[in-house]
1. ³J(HN,Hα) across the stretch 134-148 via Karplus (A = 6.51, B = -1.76, C = 1.60, θ = phi - 60°), whole Hz, x for Gly/Pro?
2. Per residue, how large is the accessible surface of the stretch 290-345? Use a 1.4 angstrom probe and give square angstrom.
3. With the crude spin-label approximation of a point 7 Å out along Cα→Cβ, what separation in nm comes out for Ala32 versus Ala382?
4. Lysines within cross-link reach of Lys8: Cα-Cα under 18 Å, excluding same-chain residues under 8 positions apart?
5. Given a 1.4 Å probe, how much area per residue of the stretch 110-168 is accessible, in Å²?
6. Please state the relative contact order of the stretch 158-287 as a whole percent: Cα pairs under 8 Å, 6+ residues apart?
7. Report, in whole Å, the centroid distance computed from the Cα atoms of the stretch 1-23 and the stretch 361-384.
8. Multiply the residue gap between Ser555 and Glu21 by 0.36 nm, knock off their C-alpha separation, and tell me the result in nm, one decimal place.
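The values are calculated or read from the model by the stated rules, or taken from the named source; none is laboratory data. Since we're looking at a predicted model, the values are computed, not measured. Cβ placement follows ideal geometry from the backbone for every residue including glycine, while neighbour counts extend to all protein chains displayed. Accessible surface is based on the protein model in full, side chains and every heavy atom, while ligands, DNA and RNA are left aside. Shrake-Rupley method; radii C 1.70, N 1.55, O 1.52, S 1.80 Å.
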Amino acid sequence: MPESMTGKQALLEMLKAEGVEYIFGNPGTSEAPFIDLLGDYPELRYFLTLQESVAVGMAEAYARATGRASFVSLHVDNGLANGISLMLDALNTGTPMVVTSANYDVRKVNESKTDLAQLVRPVTKWAVELSHPGQVPSALRRAFNEANTHPKGPVYVGLSSNALEGIDEMNLVPSRPAYDDARPSAEGIARAASLLLDAHRPIMLIGDRASDDDANEQAVELAELLGLAVYQVRGAEVAFPTTHPQFLGNLSLRAAASRDAVQRADCVLAVGADPFEELFYWGDVILQPDVPLVHVDPDPSRIGRAEPTDVGIVAHCGRALAELTAAVRGRLTPASVSAIGERRRAIAAEARANREAYEASVAERWDARPMSPARMMAELAAALPPDAIVVDDAISNRGPLRHYIQAASRGDIRAARGGSIGGGIGAAMGAQVAYPGRPVFGVIGDGSAMMTIQGLWTAANDDIPCIFVICNNGMYRVLKTNFNVYQGEVLGLPETSGGRLPYADFGTPFDVAAIANSMGVHGERITDPAQIKPAVDRAVASGRPALLDVVIDGSV
């Protein structure tokens with residue numbers, strides 16, 4: 001039955017009905033009407049952040065960990081604008097979030113009243129601004145439904161003061177689950193199976209949407225059955241066990257080895273990934289004309305978006321892989337089984353050789369000072385508790401992190417999913433909120449950390465016991481490495497100048513440990529590899545948030 005109440009009360013009642021437990025936010029005057037009511041809703045915990053990107057980063061990581069939409073409260077237009085970069089990442093990578101901010105009285109139309117929905121429409125699935133209290137329940141219901149259904153992503157609901165303070169009869173009906181694991185096309189599965197069985201050097205490119213669909217086990221089964229070399233594309237989640245002998249690491253066209261791997265393949269299976277998506281332009285079509293691309297994805301807009309696709313299958317990734325596995329298994333012959341066995345052994349040997357080559361390449365500087373990124377990551381990997389979750393915001397040091405820190409299950413490693421930096425501090429806290437029983441380590445570049453360093457205060461204030469590990473190289477190293485790739489690989493120049501790129505160095509070094517201590521988080525500065533394990537042990541034992549400021553070499 002309808003109940004008479006204010007819009008602000010209806011907002012909080014709808015959050016309860018939707019099962020929301022946490023609000024990630026930064027409040028302003030316009031949000032005060034419903035903030036004032038939170039004392040009457042102890043089941044809703046508000047995490048106060050001092051900058052909006054921290055709130056969005058926390059919400060984004062929490063939503064990915066739980067698989068359901070998180071709730072974010074920002075402030076009018078200026079606070080909302082601060083969250084846009086990470087909202088764009090959430091849109092591009094399919095993270096469900098409901099973002100709100102409040103506006104002033106609708107009668108102020110002749111003054112500087114911003115159209116909030118229009119402001120964020122380019123970075124959301126759906127955006128609306130409410131002017132009447134009676135709109136609140138239905139708009140929140142649609143918002144959660146939109147956020148949680150494929151293609152998942154952020155939505156926005158703006159709330160004028162009129163909508164919050166007015167009274168109306170409210171129907172507090174929450175959203176209902178949408179069952180969207182549609183069965184893949186039988187014809188598409190059959191064609192894909194034929195192409196893969198006919199191939200001699202097939203590869204699998206797997207991405208985050210496969211992980212979101214919990215398709216890890218199905219991906220392993222198909223890879224083993226067909227002898228697929230497996231690469232992760234823009235891997236924020238663990239979509240395939242990194243310890244598996246057929247896993248060959250992340251594929252990025254900016255690396256010559258990755259481009260060679262693509263050119264050697266005679267069939268490509270992309271699952272929940274945007275194949276060949278990269279920062280730089282490597283050509284309109286990457287694959288040779290006679291190399292078929294099979295693309296499985298829950299989001300139809302991703303298939304054929306950049307690379308011509310021979311077989312596109314719109315479906316839940318796990319279900320599609322299971323049916324593809326069944327189709328392949330039914331057509332295997334003794335000869336093909338033997339050939340696939342040889343292929344698996346060759347891939348495993350290649351993976352071992354790649355690891356050995358990497359370790360040989362870093363051996364010369366193993367005892368250097370400042371310590372090398374590889375040494376830092378090796379020591380950190382050895383010190384991590386066995387159930388640790390690592391949030392990877394290491395930016396230009398992602399390579400050594402992913403080499404030394406292995407992950408068997410989806411939640412073991414998480415990373416920023418889009419192109420923005422600054423999400424790591426919030427993401428570490430959001431992951432810790434989602435996994436209160438596991439230690440969470442945020443491994444974060446110093447440049448990225450400084451964009452949202454205010455988040456350390458939230459960790460202290462709300463006693464979020466994650467451990468921040470800062471890769472302190474005193475520069476935006478990613479700019480230097482990317483410029484070297486651009487000049488050397490894209491432009492083909494004989495010499496590169498990334499190492500001398502102006503305005504990429506921090507002339508005044510950051511003492512991030514001191515900043516942490518000033519915000520109530522225990523901070524330690526580390527310059528010797530031998531200090532890493534004892535510091536990790538102390539941080540874990542404390543049960544409190546901590547920060548390890550590790551000074552490393554930044555040379556490129």
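1. Per residue, the Karplus-derived 3J(HN,Hα) values read x, 7, 4, x, 5, 5, 5, 4, 5, 4, 5, 5, 4, 5, 8 Hz.
2. On the way: 2530 Å² over 56 residues.
Each residue of the stretch 290-345 exposes 45 Å² on average to a 1.4 Å probe.
3. It is 5.6 nm.
4. Once the sequence-local lysines are set aside, what remains near Lys8 is Lys16.
5. Values: 2390 Å² over 59 residues.
Heavy-atom SASA per residue in the stretch 110-168 reads 41 Å².
6. Numbers: 147 pairs, mean separation 35.6, N = 130.
It comes to 27 percent, rounded to a whole number.
7. Here the answer is 51 Å between Cα centres.
8. Details: separation 534, 0.36 × 534 = 192.24 nm, distance 4.46 nm.
Gain on stretching Ser555 to Glu21: 187.8 nm.
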